[in-house]
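The values are calculated or read from the model by the stated rules, or taken from the named source; none is laboratory data. Keep in mind the model is a prediction, meaning the values are calculated, not measured. Virtual Cβ from ideal backbone geometry, glycine too; neighbours counted across all protein chains shown.
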Amino acid sequence: MTAFEVRAEGLGKRYGPTRALDSFDLAVPTGTVHGLLGPNGAGKTTAVRILATLLRFDAGRATVAGFDVARQPDEVRARIGLTGQYAAVDETLSGRQNLEMFGRLSGLGGRAARRRATELLGQFGLDGAANRSAGGYSGGMRRRLDLAASLVRPPRVLFLDEPTTGLDPRSRNQVWDIVRALVADGATVLLTTQYLEEADQLADRISMIDAGRVVAEGTPDELKSMIDGDRIEVVVRDAADLPRAEGIFARICAGKPECDPELRRISAPVADRVAGLIGVVQALRDAGIAVEDIGLRRATLDEAFLHLTGRRPEEAGEPVGAVRKVVPA
């Protein structure tokens with residue numbers, strides 16, 4: 001039987017006439033990363049704030065680490081860590097002083113707080129800047145310090161609310177490595193993000209959220225498979241050949257071709273990627289249609305979200321229909 005560290009059932013939250021969360025459901029197994037993927041205003045941060053006991057909810061119920069969020073908030077807080085979208089460190093203090101302060105606020109004695117600060121500075125690659133003011137840290141260093149602060153007392157559940165917003169690719173990869181290491185050590189992570197690559201790289205399962213609702217849930221590959229998986233793409237040399245190429249795609253491929261006359265590109269889903277590609281190449285050659293590019297590619301999470309909602313994750317929108325839960329066959 002699967003053990004769940006985070007559960008939400010029918011959560012609802014209103015701000016006046018606006019539904020921030022609408023019958024929101026979530027189940028996060030122990031020792032996994034679960035991604036909440038959606039645009040700004042979708043309800044991701046509201047969900048995290050509720051689960052972290054920082055915000056009251058209007059309907060439903062939720063448990064974290066086995067404790068009821070509404071009735072046992074102190075028990076929940078003792079078992080979680082939270083890193084928000086913006087670093088919550090004191091810029092006038094050094095990195096070491098920040099971590100020692102968080103240690104003391106978490107109930108550690110002076111010696112224990114100093115020892116834990118030293119451990120975390122080394123773990124997060126900040127020991128060389130330990131005695132510098134945090135105000136002089138780069139964005140990536142500040143984010144790592146913020147993550148370290150949330151781990152002064154190792155949490156059972158770590159909430160990461162858009163942890164890499166505004167970071168450069170190198171700093172983002174560093175944060176990803178830290179998250180993977182935490183999960184390898186047994187932590188459970190709930191990650192909110194707008195970055196499709198981030199969800200794809202880190203999450204064992206993903207809940208796609210739009211207008212306060214979960215519109216689909218599954219592994220990254222399961223969600224991508226909702227839009228027919230692999231696709232063959234061809235760019236023809238002469239736009240006049242597009243109608244004939246479209247006919248070939250319609251005959252060989254598993255779904256309706258999509259044609260872009262401006263780019264001279266045509267694509268379609270394929271059931272058998274190897275057989276489909278060989279068939280298209282041979283048919284185009286037999287028809288005398290010259291191509292500039294041809295290849296196979298996997299569907300993306302961006303395309304899956306667009307397929308489900310009619311818009312991309314970076315775009316806000318109106319409420320949509322019921323959840324699509326994708327489960328392995």
Legend entry - Conditions (1) touching a Leu at 6+ places or on another chain (Cβ under 6 Å); (2) assigned by TED's automatic domain parsing to the domain that holds TYR15: number failed by ALA211: (1)
Legend entry - Candidate set from the stretch 190-205 (those that are hydrophobic (A, V, I, L, M, F, W, C) and either modelled with pLDDT of 95 or more or in a loop (DSSP other than H, G, I, E, B) (or both)); member that is farthest from THR83 (Cα to Cα): ALA203
Legend entry - Any pair with Cβ under 6 angstrom, 6 or more apart, that starts in the stretch 283-301 at a residue that is closer than 30 Å to THR193 by Cβ and ends at one that is at pLDDT 95 or above: none
Inset, instruction - Scan the stretch 50-75 for residues that are farther than 30 Å from GLY139 by Cβ, assigned to a loop (DSSP other than H, G, I, E, B) and of a type in the set (Gly, Ala, Ser) and jot them down. - result: ALA65, GLY66, ALA70
Inset, instruction - Output the residues belonging to the stretch 231-283 that are out of contact with any helix residue (DSSP H, G or I) (no Cβ under 9 Å at 6 or more places or on another chain) and β-branched (Val, Ile, Thr). - result: VAL235, VAL274, ILE278, VAL281
Legend entry - Answer from ARG56, ARG61 - the residue that is free of Cβ contacts under 8 Å to residues at least 60 places away in the same chain, under 25 Å from THR32 (Cα atoms) and of a type in the set (Lys, Arg): ARG61
Legend entry - Residue tally, condition part of a loop (DSSP other than H, G, I, E, B), closer than 21 Å to ARG156 by Cα, out of contact with any Asp or Glu (no Cβ under 7 Å at 6 or more places or on another chain) and not hydrophobic (A, V, I, L, M, F, W, C), over the stretch 76-108: 3
Legend entry - ALA245 being crowded, with 22+ Cβ neighbours inside 10 Å, of a type outside the set (Lys, Arg) and free of Cβ contacts under 8 Å to residues at least 40 places away in the same chain: no
Legend entry - Flag if LEU21 is at pLDDT 90 or above and either surrounded by fewer than 18 Cβ atoms within 10 Å (Cβ to Cβ) or assigned to a strand (DSSP E or B) (or both): yes
Legend entry - Test: ASP221 is within 13 Å of ALA304 (Cβ to Cβ), of a type outside the set (Gly, Ala, Ser) and surrounded by fewer than 19 Cβ atoms within 10 Å (Cβ to Cβ): yes
Inset, instruction - Specify which of the listed residues (ALA117, ALA129) is surrounded by 15 or more Cβ atoms within 10 Å (Cβ to Cβ) and farther than 21 Å from LEU160 by Cα. - result: ALA129
